[in-house]
Amino acid sequence: MASRRALAAVSAAAIAGALVLTGAPAALADGAGIIVQSAHNDWTNNGKLVVELSAPSAISNVKVSLYSMDTQQTVATLTNLELTGGTTTSGSWSNRGRVQLPALGSYRMDVSATDEGGDTLNTTGVGYFAYSVSTNLDDATVDRTTVDYEHRTVTIGGHLMGRLPGTGEVVPMGGLAVDVTSYAEYTRVTTADDGSFSATLPVTDQYQNTIFAKFNYDPKHVFYDQSETKFFPIRIKKTATKIVANPSTRKVPYKGVVDSTSATLLWNSPTAGWQPLAGRTIESNSFGDHVRRTTDDQGNAVFPATMPLYGNYRIGVGWSADDLFLDSTSAEAAITVVQPAAFNAFSAARADGGNVEVSGSMAFDGNMSPGTIPVDIQYSATGKGGWTTVATTTRLQWNGQGEGFTLTVPGAAAGFWRASYTGAPQFENARSTVVYVSAS
């Protein structure tokens with residue numbers, strides 16, 4: 001239904017000239033005490049008008065004459081208005097039945113009234129009555145409220161109907177323009193003879209979250225009130241995508257490089273499952289510069305070598321979706337950079353009591369050192385195999401050359417000694433030089 005504001009705007013526009021001619025205030029009385037507070041359409045019924053009056057005593061009779069500014073004639077007189085709200089000294093009065101006028105238009109309201117105390121009121125131009133068709137688009141529907149990769153449009157349809165002011169009959173409004181809007185998308189369609197309309201709009205923007213239809217002000221049908229549908233929601237359902245990143249290796253030595261990284265861009269087709277996305281630009285900041293590559297027919301692209309790597313690294317590849325109905329995606333591949341580890345000193349010698357005293361130190365010349373350094377002291381009778389761990393220490397301290405250690409282990413027989421460190425996967429495994437110790 002038309003809003004009160006829209007109806008008032010139409011009325012005011014149509015009779016602006018008449019307002020200038022009357023020059024009379026809205027609340028005009030003969031000095032008798034009856035005052036017109038307002039006179040206008042009943043905003044809920046286009047066949048009725050409302051006059052709001054106040055008086056010293058109970059009002060007993062109210063009459064409204066409707067005057068045509070076009071013909072300069074009074075075209076209807078409504079008598080015996082009934083009290084519809086408030087009291088007889090301060091209330092609203094409305095006509096019985098529906099107003100019957102020869103044509104749609106805006107009519108000046110002249111009001112006469114008397115009260116039980118003998119006061120009378122006779123005034124002209126206290127308001128205007130718009131004799132207009134009240135339109136509606138109440139039965140409008142949409143074909144969907146969720147759009148996706150395969151369904152990218154929304155169709156709205158319904159009927160433009162009008163309630164005639166004289167009879168209250170609701171009739172189709174054919175041959176009129178209906179505007180359909182959804183964010184930046186817009187179209188105008190013309191209603192059929194039965195008042196029906198249908199319009200389809202594409203969904204092209206992430207902010208396009210509603211669609212509605214409206215019958216706007218029509219200069220050829222000034223007294224057809226405006227109306228609009230409710231706002232129907234639109235939800236965009238995106239289709240999943242993914243990148244599979246495959247570096248040429250996932251482990252490199254300290255300062256090593258990953259020679260190349262291949263990446264495959266896929267989308268989850270509703271009918272065929274995961275399929276390649278060809279001709280798309282994927283990109284990465286993992287190669288020293290911002291690198292872009294275009295996927296081939298199989299969705300594949302190859303990125304260049306990394307810069308030398310000093311610590312554990314993650315190669316990232318991303319795609320910013322160029323289709324509203326596809327999700328953006330990214331992937332990462334973890335690269336382990338194996339840090340160097342080495343024994344830079346080792347010695348073993350017979351000590352008092354027949355034991356063997358071993359000492360040495362380790363150097364970690366990479367980007368990091370381990371929190372705990374387990375060093376195994378190993379013995380072999382031949383030095384060519386059969387190594388046995390006879391002691392382990394983790395109590396290493398910086399000695400100026402590296403992480404130093406010293407310990408005494410039992411060893412009566414002659415044989416070969418060495419130190420061993422197992423650092424994998426983050427550090428290199430290391431072995432010291434082999435030292436021969438004679439029998440005691």
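The values are calculated or read from the model by the stated rules, or taken from the named source; none is laboratory data. Just so you know, these numbers come straight off a predicted model, no measurement behind them. Heads up, the Cβs are rebuilt from the backbone with ideal geometry, glycines too, and the neighbour counts pull from every protein chain shown. Ligands, DNA and RNA are excluded from the accessible area calculation, which covers all protein heavy atoms including side chains. Shrake-Rupley method; radii C 1.70, N 1.55, O 1.52, S 1.80 Å.
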Which order, highest average first, do 251-259, 385-393 follow once you tally other Cβ atoms within 10 Å for each residue and take the mean per peptide? 251-259, 385-393
Measure off 7 Å from each Cα along the Cα-to-Cβ vector at residue 307 and residue 139, then give the distance between these two points in nanometres to one decimal. 7.0 nm
Just round it to a whole percent: the fraction of Cα-Cα distances in region 335-404 exceeding 18 Å. 49 percent
Quick check: pseudo-label points 7 Å beyond the Cα along Cα→Cβ at residue 116 and residue 242, how many nm apart are they? 8.6 nm
If you split all Cα-Cα distances of region 120-260 into 10 Å bins from zero, what percentages do you get per bin, shortest first? 10, 29, 19, 13, 9, 7, 5, 4, 2, 1, 0
If we restrict to alpha carbons, what Rg and Dmax does the chain come to, in Å? 46.2, 143
Could you please report the charge total around residue 295, scoring K, R as +1 and D, E as -1 over all other residues with beta-carbon less than 15 angstrom from its beta-carbon? -1
Put +1 on the Cβ of every Lys and Arg and -1 on every Asp and Glu Cβ in region 338-414; which of 348, 366, 414 then has its Cα farthest towards the positive end of the dipole? 414
For region 194-301, the Rg and Dmax computed from alpha carbons only, in angstrom: 25.3, 84
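Could you report the chain's accessible area per residue, 1.4 Å probe, as an integer in Å²?
With the other protein chains kept in place, the chain gives 49 Å² per residue.
Of the heavy-atom accessible surface of the chain (probe 1.4 angstrom), what whole percent is carbon and sulfur?
About 48 percent, which is the carbon plus sulfur part of the accessible surface.
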Roughly how many debye, to the nearest 20, is the charge dipole of region 261-388 about its Cα centre, given +1 on each Lys and Arg Cβ, -1 on each Asp and Glu Cβ, and no other charges? 320 debye
Could you give the length gained on full extension between residue 291 and residue 320, defined as 0.36 nm per residue of separation minus the Cα-Cα distance, in nm? 9.0 nm
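Relative to the Cα centre, what is the charge dipole magnitude of the chain, using +1 at the beta carbon of each Lys and Arg, -1 at the beta carbon of each Asp and Glu, and rounding to the nearest 20 debye? Before the final figure, lay out each step's value.
Details: 30 positive and 38 negative charges, 331 e Å.
For the chain, the charge dipole is close to 1600 debye.
Need the full-extension length gain, residue 384 to residue 61, defined as separation in residues times 0.36 nm minus the C-alpha distance. One decimal, nm.
103.4 nm
For region 250-332, what does the equivalent ellipsoid look like in terms of its semi-axes, each the square root of 5 times an eigenvalue of the Cα gyration tensor, given largest first in whole Å?
Details: eigenvalues 151, 28, 24 Å².
Values for region 250-332, descending: 27, 12, 11 Å.
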Sorted largest first, the C-alpha extents of region 315-440 along its principal axes in whole angstrom are 83, 32, 17
